[in-house]
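The values are calculated or read from the model by the stated rules, or taken from the named source; none is laboratory data. Every value quoted in this text rests on a predicted model; they were computed, and no experiment measured them. All Cβ positions, even for glycine, are placed from backbone atoms using ideal geometry, and neighbour counts span all protein chains on display.
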């Protein structure tokens, strides 16, 4: 089953993480968690077939197309995980503090199943921090992990090597406005108690548009990205 590995690794009587379930159909939710576990990393999650396909991005995403960031494929997560922000107890799988660093929608270019099988998934992100064209490229060498590279497409949202690092520029939660340290300390929501519930990408959100845009606006944006994009 899609979430068996996820559930086997967790004790839900101990961890506050959601048990979750596989959803019927497939939406286009996207999330990026900042995860201060044994080593700080970021977790990219893309909804496909009712679950969140997930990669641990060891150094986090970069807006510089020349920067190739290692992304290690991990177990599928439930869509409910997109709303999880808190601390996994020490000694539990993935123990540490988890922040919702970014979230929104994603659009695959072509058939995402074929892209994953081929080892090159091209897609667009419409998040609060990350936007534009991106690539996941699987490395040929194999070990006990399935390693990919996360690469920013060369488009209007890209930055150069001398530009500001978005990880340093925007370090806080998009939902609560908190830092990793504030989440770990259990400090309150800077954006108000309704931050999680009122997010536009909640379960009840309209899946016919991306980021609140109309289909016409979405298509116009997609064509604009593709005209100026290169791998």
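Output the residues belonging to region 91-112 that are surrounded by fewer than 16 Cβ atoms within 10 Å (Cβ to Cβ) and in contact with a strand residue (DSSP E or B) (Cβ under 8 Å, 6 or more places away or on another chain).
Of everything in region 91-112, those that are surrounded by fewer than 16 Cβ atoms within 10 Å (Cβ to Cβ) and in contact with a strand residue (DSSP E or B) (Cβ under 8 Å, 6 or more places away or on another chain) turn out to be 95, 110.
Quick test of your reading of the structure: residue 158 fulfils all but one of (1) more than 22 Å from residue 47 (Cβ to Cβ); (2) out of contact with any strand residue (DSSP E or B) (no Cβ under 6 Å at 6 or more places or on another chain); (3) surrounded by 18 or more Cβ atoms within 10 Å (Cβ to Cβ). Name the failing condition by number.
(2)
Of all residues being free of Cβ contacts under 8 Å to residues at least 12 places away in the same chain and part of a loop (DSSP other than H, G, I, E, B) in region 1-55, which is farthest from residue 150 (Cα to Cα)? Just the residue, please.
13
State yes or no: is residue 61 crowded, with 20+ Cβ neighbours inside 10 Å, closer than 13 Å to residue 150 by Cβ, at pLDDT 95 or above and touching a helix residue (DSSP H, G or I) at 6+ places or on another chain (Cβ under 8 Å)?
Yes, satisfied.
I want to confirm something. Restricting to region 64-83 and keeping residues that are crowded, with 20+ Cβ neighbours inside 10 Å and under 13 Å from the mean Cα position of the chain (by Cα), which single residue is farthest from residue 8 (Cα to Cα)?
71
One line per residue, one yes/no per condition, for (1) at pLDDT below 95; (2) over 23 Å from residue 28 (Cβ atoms):
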site: 116; (1), (2): no, no
site: 122; (1), (2): no, no
site: 155; (1), (2): no, no
site: 169; (1), (2): no, yes
site: 186; (1), (2): yes, yes
